[in-house]
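The values are calculated or read from the model by the stated rules, or taken from the named source; none is laboratory data. Since this is a predicted model, take the numbers as computed values, not measurements. Positions of Cβ are backbone-derived with ideal geometry, glycine not excepted, and every protein chain shown enters the neighbour counts.
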Number of protein chains: 2
Amino acid sequence: MLTGNYYMIYMKFTFSSMLSEMKPSEIRELLKMANTKGLISFGGGMPDPATFPVEELEAIMADIFKNSSANAFQYGVTQGIKPLREQIRRLVKETENIDCTEDQINVTSGSQQALYAVSKVLVEPGRSVITELPTYVGAISANNANKVNMVGIEMDDNGMRTDLLEDKLSKMKAGGKLPEFIYVIPNFHNPAGYTLSLERRKHLIELAVDYNVPIVEDNPYGELRYYGSKIPSIKSMDPDNYVIYMGTFSKVMTPGLRIGYVLGDAEFISKVNLLKQALDLSTNTLSEYIAYEYLKRDIMKKQIPKNIEIYRKKRDAMLKALSDNFPSNSKWSKPDGGMFVWATVDPAIDTTRMLARSVKNGVAYISGVSFHPNAEKRNNMRINFSYPSVEDIHEGIRRLSKTLEEEAAEIESSPAKAQ
Amino acid sequence: MLTGNYYMIYMKFTFSSMLSEMKPSEIRELLKMANTKGLISFGGGMPDPATFPVEELEAIMADIFKNSSANAFQYGVTQGIKPLREQIRRLVKETENIDCTEDQINVTSGSQQALYAVSKVLVEPGRSVITELPTYVGAISANNANKVNMVGIEMDDNGMRTDLLEDKLSKMKAGGKLPEFIYVIPNFHNPAGYTLSLERRKHLIELAVDYNVPIVEDNPYGELRYYGSKIPSIKSMDPDNYVIYMGTFSKVMTPGLRIGYVLGDAEFISKVNLLKQALDLSTNTLSEYIAYEYLKRDIMKKQIPKNIEIYRKKRDAMLKALSDNFPSNSKWSKPDGGMFVWATVDPAIDTTRMLARSVKNGVAYISGVSFHPNAEKRNNMRINFSYPSVEDIHEGIRRLSKTLEEEAAEIESSPAKAQ
């Protein structure tokens, strides 16, 4: 009966068109190279393991084994264990002046799951959302997986240009197709490093109300401010549940525990909970217990100053190395926090094309197209400073500068080849 | 500018039609009641925490803190850490005689994520798959979330009736719409408790080849056999990657660590990996390290006999309690393994309607409609025996029998009310 001919075998699997927009993430591919000998990677967005509160986690684990192993290793509720949601409620009140109840919070398997859920729950395939331009690659993949179109709004040093947003909303309304939500990363943007000014946050809320479009505020880096003063969260200025807010314990606790959360409108949260039953039943219960103890013991408050001390030095080293080495026709953001610098180089250079040369020269980055939903920009790169050491930052930027010079020289000598 | 009137506020969020088929799972709701004082729950599908290898996990955690904390708490690769995939490759070879490479394996956040990915990757919304009838509620929610239709094939004591499957495939082919895959839980089926016979496994493979339709073999309970002899996995008889196989460490290691896996056709696995970047970036890294050490140290081989000893007693107690107490017009499956008995009661009884009375009487179950994609059956229930104690099994089945008698008496006295 095993009659399969080649054609039959070839056609055995057909794949959903939902995936047609998706391509392997350069970042995830680069993660695989991260341990390549001698390569200095500015590519990932990984925290420095020196920031992990290992001793405190060890004490927490000992207590979990002593007191809660029957629950911590068991299935948990889809929304997240209630003690953790109560601690998250306290956290967002204390750090971002956000008022909510624990019923308005859904714990997620990293904030990536929250990004996927927002896109899946709020947007019919084929419809649109607004993002900053550039925007986070994980938001792009979540939207692509759900066939959601992205309309990008340019940024400057003060974040998304809300004047351009207003124009766009006005035009979209005239065309009868408002976006389903406006996605912003207001603090120390990934990849751009910019922070949305207070004035623009207020403008953004006004536009959300006027056009009746929800805002999705993604704040993974808010606690990692190295200079300047905190700006109030958009959610804290929310007049009436226009804002869905998401956070994560990947940048301050540890990423491997995959704990994020999303909060906002109660009906929306109930839909997220319903979807999450289909996605993974529940978040890792052990991680939820760890995160609960981490918050209850106020370890975050002890960890943040240490993280800031480590990352501020790296950020300063990165900006100095860029200033000392990068070609004069380049420019870059000067972030007050977070993990990334966004560099714009010689317009003749295609940073995707240059990546192979760069890796050969011993340094990696993520090219700008990864952060453009429609891949329109070619001469940007995201440079991470949280993971590499200060020494590697200096050496890596020297290698990258050399790479830029070599690439520019080749283009000049043979312009056709560069196209 | 805060001009929002009631209409505007009400319409702020619109929800994707992808979720219209989804309703809150009775099981997840029941999990919330699981700690209600005095309630005996046959509702969940939870392992007995007495089976958790807590001492061994504690030793593993101590070693992780000593040797691997910088990696175990860091972001991991989307496909799953390679050492774990190598151990899974060894495991499926040893236990199920499955040959594959570690590149053909994707670690998932519980097998629920694998169910979601299979549906999302292989099926265009609006198209169909075949399932057993009844089938696992998590597969129903995954398919509903992706707008995938389910066509059910009735089961008997030997599992899915492949004669009916053959008829159905023939009709679907004649109609020009073959299903995208055939989903089966061959061992100790959830919810039905039946095991697919060797003869039918062979027939199933023949049909897959003849009709060129992939099989998705879901095997969460395979290691939990209390009587009889192991039957070869469908994947081990696979002539040429017709079978996608999925497994989990929720039933033998612990569920709270949320580690599942899916293996099969290389192109399919690459698509799962791509989708997983959008779903959650990667599985919990700490859990992956724990699962790796658990397999490397062969703890599973030590744990399984203990689990079997505990569960066999519970299964025997359950079948005895049913035989001693249940109304004579009921029947139920006699599973050789797994965690569930499937009972069919008086056709006049709607088990969904009866649930409130049952909880009032101090016992919970999951009504049969939860396991029927189109909710067509009304007089079945799934009864779990892995979680409750032997004493609670006896007492709970007494309560449930009393509930059935009360419900039947009420229907007899007032038939209209029962409709």
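Annotation note: of A:Gln113, A:Gln79, A:Gln74, A:Gln104, the sole residue that is in contact with a Leu (Cβ under 6 Å, 6 or more places away or on another chain), crowded, with 18+ Cβ neighbours inside 10 Å and either within 16 Å of A:Tyr183 (Cβ to Cβ) or not charged (D, E, K, R) (or both) is A:Gln104.
Going by the structure shown, is B:Ile290 outside the structural domain of B:Lys235 (by TED's automatic domain parsing), out of contact with any strand residue (DSSP E or B) (no Cβ under 7 Å at 6 or more places or on another chain) and touching a residue at least 60 places away in the same chain (Cβ under 8 Å)? The answer is no for B:Ile290.
Yes/no per residue for (1) in a helix (DSSP H, G or I); (2) touching a residue at least 60 places away in the same chain (Cβ under 8 Å); (3) surrounded by 20 or more Cβ atoms within 10 Å (Cβ to Cβ):
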{"site": "A:Ala142", "(1), (2), (3)": "yes, no, yes"}
{"site": "A:Met150", "(1), (2), (3)": "no, yes, yes"}
{"site": "A:Met155", "(1), (2), (3)": "no, no, yes"}
{"site": "A:Met172", "(1), (2), (3)": "yes, no, no"}
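Go through the range A:23-55 and give me each residue that's modelled with pLDDT of 70 or more, facing another protein chain (nearest Cβ under 9 Å) and surrounded by 14 or more Cβ atoms within 10 Å (Cβ to Cβ). Answer for the range A:23-55, where residues must be modelled with pLDDT of 70 or more, facing another protein chain (nearest Cβ under 9 Å) and surrounded by 14 or more Cβ atoms within 10 Å (Cβ to Cβ): A:Gly44, A:Gly45, A:Met46, A:Pro47, A:Pro49, A:Phe52, A:Val54. Criterion applied to A:Ser282, A:Ser229 was being buried (at least 24 other Cβ atoms within 10 Å of the Cβ) and not β-branched (Val, Ile, Thr), and the one residue passing it is A:Ser282. Against the test of being under 20 Å from the mean Cα position of the chain (by Cα) and within 13 Å of chain A (Cβ to nearest Cβ), the options B:Gly264, B:Gly247 yield a single qualifying residue, B:Gly264. Residues that are within 17 Å of A:Ala409 (Cα to Cα), out of contact with any Leu (no Cβ under 7 Å at 6 or more places or on another chain) and not assigned by TED's automatic domain parsing to the domain that holds A:Ile130: does the range A:360-372 have at least one? Looking through the range A:360-372, at least one residue is within 17 Å of A:Ala409 (Cα to Cα), out of contact with any Leu (no Cβ under 7 Å at 6 or more places or on another chain) and not assigned by TED's automatic domain parsing to the domain that holds A:Ile130. In the range A:36-63, the qualifying residues are those that are part of a helix (DSSP H, G or I) and among the hydrophobic types (A, V, I, L, M, F, W, C), and the one that is farthest from the chain's Cα centre (by Cα) is A:Ala62. Look through the range B:56-73, keep the residues that are at the interface with chain A (Cβ under 7 Å from one of its Cβ atoms) and free of Cβ contacts under 8 Å to residues at least 40 places away in the same chain, and return whichever of them is nearest to A:Tyr387 (Cα to Cα). Looking at the filtered set, the residue picked out is B:Ala70.
Which of the residues that make up the range B:102-127 are touching a Gly at 6+ places or on another chain (Cβ under 9 Å), among the polar types (S, T, N, Q) and at the interface with chain A (Cβ under 10 Å from one of its Cβ atoms)? Listed by number, the residues that qualify are B:Thr108, B:Ser109, B:Ser111, B:Gln112, B:Gln113.
Only residues that are touching a residue at least 60 places away in the same chain (Cβ under 8 Å) and surrounded by fewer than 22 Cβ atoms within 10 Å (Cβ to Cβ) were counted in the range B:301-313, giving 8. Just one of the listed residues (B:Gly152, B:Gly76, B:Gly138) is of a type in the set (Gly, Ala, Ser) and touching a strand residue (DSSP E or B) at 6+ places or on another chain (Cβ under 8 Å), namely B:Gly152. Do you know which residues across the range B:71-119 are within 30 Å of A:Asp48 (Cα to Cα), over 19 Å from the mean Cα position of the chain (by Cα) and not in a helix (DSSP H, G or I)? Selection gives B:Phe73, B:Gln74, B:Tyr75, B:Gly76, B:Val77, B:Thr78, B:Gln79, B:Gly80, B:Ile81, B:Ile105.
The residue list B:Arg312, B:Arg297 contains one member that is more than 10 Å from chain A (Cβ to nearest Cβ), closer than 26 Å to B:His394 by Cβ and of a type in the set (Lys, Arg), which is B:Arg312. Screening B:Ile215, B:Ile205, B:Ile234 for residues that are at pLDDT 95 or above, surrounded by fewer than 22 Cβ atoms within 10 Å (Cβ to Cβ), closer than 15 Å to B:Thr162 by Cβ and not hydroxyl-bearing (Ser, Thr, Tyr) leaves exactly one candidate, B:Ile205. If the condition is being of a type outside the set (Phe, Trp, Tyr), within 13 Å of B:Leu404 (Cβ to Cβ) and assigned to a loop (DSSP other than H, G, I, E, B), then the range B:323-340 contributes B:Pro327, B:Ser328, B:Asn329, B:Ser330. Comparison of A:Gly260, A:Gly256 shows that the only residue that is under 27 Å from A:Met237 (Cβ atoms), surrounded by 23 or more Cβ atoms within 10 Å (Cβ to Cβ) and among the small types (Gly, Ala, Ser) is A:Gly260. When the helices (runs of 4 or more DSSP H) confined to the range A:341-419 are screened for residues that are under 26 Å from the mean Cα position of the chain (by Cα) and under 18 Å from A:Gly43 (Cβ atoms), those reaching at least 3 such residues are found at A:351-360, A:390-413. Quick check on B:Ile185: is it crowded, with 23+ Cβ neighbours inside 10 Å and in contact (Cβ under 8 Å) with a residue 24 or more places away in the chain? Judged against the criteria, B:Ile185 is a match.
Can you name the residue in the range B:195-241 that is of a type in the set (S, T, N, Q) and away from chain A (no Cβ under 14 Å) and, of all such residues, is nearest to B:Val184 (Cα to Cα)? The extreme case among them is B:Asn219.
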